[in-house]
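What follows draws every value from the coordinates through simple rules; no lab data is involved. These numbers come from a predicted model, not from an experiment. Cβ sites come from the backbone with ideal geometry, for glycine too, and all protein chains shown count toward neighbours.
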Amino acid sequence: MLINLLLLTLLSSGIDVEILTAELHIETGMAYLVQGLPDNAFAEFETALDISDNANEAYLGLARVAAIRESYLVAEEHYKHYIEIEPHNYLAPLELSKMLLLTNIRSIEALDYANSALALAPLNGECWLIIADAEARLHNNEAAINWYTRLIIENEELADTSRVQLGYLYFNEGNLQKAREVLLGTETIGAYHLLALIYLEQHDNLRAIDNINRYLYLNPNGNWADSARIYLNELSEPGLY
């Protein structure tokens, strides 16, 4: 009875019930994604599209589900469709750019999508960061350094991430001193990992051990954890570890 009354109220007020219902399913789907439940999210997005042809955000949700499932071609198809129907939203080109970089393919296209996102959201730090990452991947180091530096100065939220990424750029160039300097004071998993690598290269075993231990404390099951433990065993001496 209450549901019928609610529907009558919505209809009388001129609200499109189908669109409203579809939007509720989309919101539920997005919540499922946050909870790490892509299968549940997929069902909600599909339901939203069954209800309304104008449930545009559902395509963005489906792209995210496909990316989580590593169905990258499907994800790209949904992202591109969303870009066509919502050309003023920066999220799809930004996320598509991230996905292309994550899969280590088509870096030039990734940069193009990142620039498209930046044009729609010129003050968005995520856009700056993905452009910096794309420039670094393409070995356009001067451009990448400029973007990372801007983020460090102007974006407190992404400053530590940018320091680590800039540190990796200097490290890959062989400039260990600059890589170390940019990381000092940064207390993150990525920073400890890179500092450990830098000190290993410099044969500074004490500092290497310290940073390896810090990494393992914060991320004992991380991608580098097994290698970190091997380094500890190799470096361990009485009084050091």
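The set of residues from the stretch 123-149 being outside any helix (DSSP H, G or I) and either within 21 Å of Ala75 (Cα to Cα) or in contact with a helix residue (DSSP H, G or I) (Cβ under 9 Å, 6 or more places away or on another chain) (or both) comprises Asn124, Leu138, Asn140. Checking Ile145, Ile130 one by one, the residue that is out of contact with any strand residue (DSSP E or B) (no Cβ under 7 Å at 6 or more places or on another chain) and crowded, with 21+ Cβ neighbours inside 10 Å is Ile130 and no other. Exactly one residue out of Leu216, Leu184, Leu235, Leu195 is under 20 Å from Leu166 (Cβ atoms), of a type outside the set (Asp, Glu) and surrounded by 15 or more Cβ atoms within 10 Å (Cβ to Cβ): that is Leu195. Taking the listed residues Ser97, Ser116, the one that is closer than 29 Å to Thr149 by Cβ, in a helix (DSSP H, G or I), over 14 Å from the mean Cα position of the chain (by Cα) and not β-branched (Val, Ile, Thr) is Ser116, with no other qualifying.
Figure legend. Inter-residue proximity from the stretch 197-209: first residues under 15 Å from Glu181 (Cβ atoms), second residues of a type in the set (Ser, Thr, Tyr) and part of a helix (DSSP H, G or I), beta-carbon distance below 8 Å, spacing 6+ or different chains. Indicated pairs: Arg207/Tyr199.
Within the stretch 95-116, the set of residues being of a type in the set (Val, Ile, Thr) and without any contact (Cβ under 8 Å) to a residue 24 or more places away in the chain comprises Ile105 only.
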